[in-house]
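J.: Quick one: the structure is below, and I'll ask about it shortly.
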Amino acid sequence: MPNTVLILNGPNLNLLGRREPSVYGRETLDDIAAACRVRGEKLRIRVDFRQTNHEGELVEWIQQSHADVRGIILNAAAYTHTSVAIPDALRAVALPCIEVHLSNVHARESFRHHSYISPVATGVIVGLGSQGYLLALDAMARLIADADAANADGPRSLST
Ligand code: DQA
């Protein structure tokens, strides 16, 4: 079964490239998706990259994570600061989650300083632009490898 990592993007990230380029840069979401797929190939990870403007759709995608999904990289965009349903879904599926933001949300308006996602995230990467997605993939590959190694060394393999 391939190791699949879901990369989920929330509202207005479809406008990257022309949306506030001084904050978010000139790269489009397609550029970021392409770079993630290249990095995924190197890491032997299948990248499933998606964007939606709808909170409920993010919840559905998290809930529907297939058995081969090993982790979720999430830029929930504005829903980061408002959603209870998204972290609830993350808790329900109990997959490793890395929260990513292109901008340094802590250096911006105070309403961006609080994240409902961070308490359920394994790690958080902010302020590094599109590089944050690639760093998140590197980190996720390590988390998957560590989990596999722990499984191989665990009590189950000792008894077989
Ligand atoms: C963002 C930061 C959020 O505060 C904002 O609402 C976004 C993008 C980022 O990637 O920097 O839409 O998540």
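The values are calculated or read from the model by the stated rules, or taken from the named source; none is laboratory data. Computed from a prediction, not measured in an experiment: that's the story for all the values here. Note that we place each Cβ from the backbone using ideal geometry, even for glycine, and neighbour counts take in every protein chain shown. Remember, those area values only see protein heavy atoms, side chains included, never the ligands or the DNA or RNA. Shrake-Rupley method; radii C 1.70, N 1.55, O 1.52, S 1.80 Å.
J.: Do you know which of the residues in the stretch 52-86 that are among the aliphatic types (A, V, I, L, M) and within 13 Å of the ligand (Cβ to nearest atom) is nearest to Leu13 (Cα to Cα)?
T.: Step one: of the stretch 52-86, the residues among the aliphatic types (A, V, I, L, M) are 58-59, 62, 67, 69, 72-74, 76-78, 84-86.
Retained after the next criterion (residues that are within 13 Å of the ligand (Cβ to nearest atom)): 58, 73-74, 76-78, 86.
Working: Leu58: 13, Ile73: 14, Leu74: 12, Ala76: 9, Ala77: 7, Ala78: 10, Ile86: 17 Å.
Taking the candidates together, the pick is Ala77.
J.: Pick from the stretch 124-141 the residues that are in contact with a helix residue (DSSP H, G or I) (Cβ under 6 Å, 6 or more places away or on another chain) and of a type outside the set (Ser, Thr, Tyr): which of them is farthest from the ligand (Cβ to nearest atom)?
T.: Step one: of the stretch 124-141, the residues in contact with a helix residue (DSSP H, G or I) (Cβ under 6 Å, 6 or more places away or on another chain) are 124-126, 130, 133-134, 137, 141.
This time we only want the ones that are of a type outside the set (Ser, Thr, Tyr), so: 124-126, 134, 137, 141.
Values: Val124: 11, Ile125: 10, Val126: 7, Leu134: 14, Leu137: 16, Ala141: 22 Å.
The qualifying residue farthest from the ligand (Cβ to nearest atom) is Ala141.
J.: Sticking with this structure for a sec: Name the single residue that is nearest to Gly40 (Cα to Cα) among those in the stretch 87-123 being within 12 Å of the ligand (Cβ to nearest atom) and of a type in the set (A, V, I, L, M, F, W, C).
T.: Val100
J.: Check the stretch 130-152 and report whether any residue there is in contact with a strand residue (DSSP E or B) (Cβ under 6 Å, 6 or more places away or on another chain) and open to solvent by 50 Å² or more (accessible area, probe 1.4 Å).
T.: Yes, there is a match, as at least one residue in the stretch 130-152 is in contact with a strand residue (DSSP E or B) (Cβ under 6 Å, 6 or more places away or on another chain) and open to solvent by 50 Å² or more (accessible area, probe 1.4 Å).
J.: Residue pairs, Cβ under 7 Å, 6 or more apart or interchain, first in the stretch 25-36 and at negative phi, second of a type in the set (S, T, N, Q) and buried (at least 17 other Cβ atoms within 10 Å of the Cβ). List them.
T.: Short answer, once both residue conditions are applied: Glu27/Ser130; Leu29/Asn9; Leu29/Gln51; Ile32/Ser130; Ala35/Ser130.
J.: Go through the stretch 81-124 and report how many residues are under 27 Å from Ala147 (Cα atoms) and not hydrophobic (A, V, I, L, M, F, W, C).
T.: 12
J.: Take the stretch 13-52 and flag every residue that is over 16 Å from the mean Cα position of the chain (by Cα), assigned to a loop (DSSP other than H, G, I, E, B) and of a type outside the set (A, V, I, L, M, F, W, C).
T.: Scanning the stretch 13-52 gives Gly17, Arg18, Arg19, Glu20, Gly25, Arg26, Glu27, Thr28, Arg44.
J.: Does Gly10 satisfy being in contact with a Ser or Thr (Cβ under 6 Å, 6 or more places away or on another chain) and within 15 Å of the ligand (Cβ to nearest atom)? If you could, list the steps in order and put the result at the bottom.
T.: Values: in contact with a Ser or Thr (Cβ under 6 Å, 6 or more places away or on another chain): no; within 15 Å of the ligand (Cβ to nearest atom): yes.
No.
J.: Give the stretch 15-45 a look and list any residue that's touching a helix residue (DSSP H, G or I) at 6+ places or on another chain (Cβ under 6 Å), open to solvent by 40 Å² or more (accessible area, probe 1.4 Å) and within 16 Å of the ligand (Cβ to nearest atom), or say none.
T.: Once the filter is applied, which keeps residues that are touching a helix residue (DSSP H, G or I) at 6+ places or on another chain (Cβ under 6 Å), open to solvent by 40 Å² or more (accessible area, probe 1.4 Å) and within 16 Å of the ligand (Cβ to nearest atom), the stretch 15-45 yields nothing.
J.: Restricting the first residue to the stretch 46-72 and requiring it to be surrounded by 18 or more Cβ atoms within 10 Å (Cβ to Cβ), which pairs with a second residue that is basic (Lys, Arg) meet a Cβ separation below 6 Å and a spacing of at least six or different chains?
T.: Listed by first residue and then by second, the contacts come to Val47/Arg37.
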